[in-house]
Amino acid sequence: MIHAISSVNRHLYEDVLDQHFRIRHDIFVEERRWETLRRPDCREVDSYDDEDTVYLLALEDRRVIGGHRLYPTTKPSMMSEVFPHLASVRGCPSDPLVWEWSRYFVVRDRRDGALNLQLMAAVQEFCLNQGIAQVSAIMETWWLPRFHEAGFVVTPLGLPALVENAWTMAATIDIRRETVDALHDRIGVTSIVRQDGPRLDAVARANICGLAAQRKSA
């Protein structure tokens, strides 16, 4: 199962989250050589890991084997703060119904394709259930055929550019019932996301974040 973890149930997953930060460091720093993310404690944590982040993590018992995160675009996001030039045509989203999707990873011994499909289904299912209409993403262009194969509707926000020696683009991805249903059929389940503990209202939280950001800038 893919577990949805946020501020409302984080207390149930502190060990899992710490493990996941260390795996991110292993993959994004040691394996992919994103040296700007290197930290002495070997935990890859940045400005978008805070009380408003939602983590969708694939667990086998308590072992993290893959995952990604979501972040409200009503707050300063990775796209708006670091990569606004990649969204120069349509602009960076700032909407409670659009959440930024990032830090997608799968551990080395599970890169057989099956888990990738489950993780793609998870972001669609979680967002659909929360009333989120789109996710935005900064992604390397080689993701495009993978997303299209999964049935994702992708809209570029600008022109690609080289980032860390890789062609990279900004885009939004529609959240659609038909995409969720098709992915569920392919992986043979009716639901892939598990939410233990209190239930998060992501859109309400994004609206609060937006109000806070407005007061801060006033």
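The values are calculated or read from the model by the stated rules, or taken from the named source; none is laboratory data. Note that the structure is predicted; figures quoted are calculated from it, not measured. So basically every Cβ, Gly included, is an ideal-geometry build from the backbone, and we count neighbours across all protein chains shown. These area figures cover heavy atoms from the full protein model, side chains too; ligands, DNA and RNA do not enter into them. Shrake-Rupley method; radii C 1.70, N 1.55, O 1.52, S 1.80 Å.
Each residue in the range 9-34 was checked for being aromatic (F, W, Y) and either exposed (fewer than 13 other Cβ atoms within 10 Å of the Cβ) or part of a loop (DSSP other than H, G, I, E, B) (or both), and 2 pass.
Suppose we filter S88, S94, S6 for residues that are closer than 29 Å to S217 by Cβ, touching a residue at least 24 places away in the same chain (Cβ under 8 Å) and open to solvent by less than 50 Å² (accessible area, probe 1.4 Å); which single one remains?
Details: S88 fails: open to solvent by less than 50 Å² (accessible area, probe 1.4 Å); S94 fails: open to solvent by less than 50 Å² (accessible area, probe 1.4 Å).
Going through S88, S94, S6 in turn, the sole match is S6.
In the range 131-146, the residue that is farthest from W101 (Cα to Cα) out of those that are polar (S, T, N, Q) and surrounded by fewer than 22 Cβ atoms within 10 Å (Cβ to Cβ) is T141.
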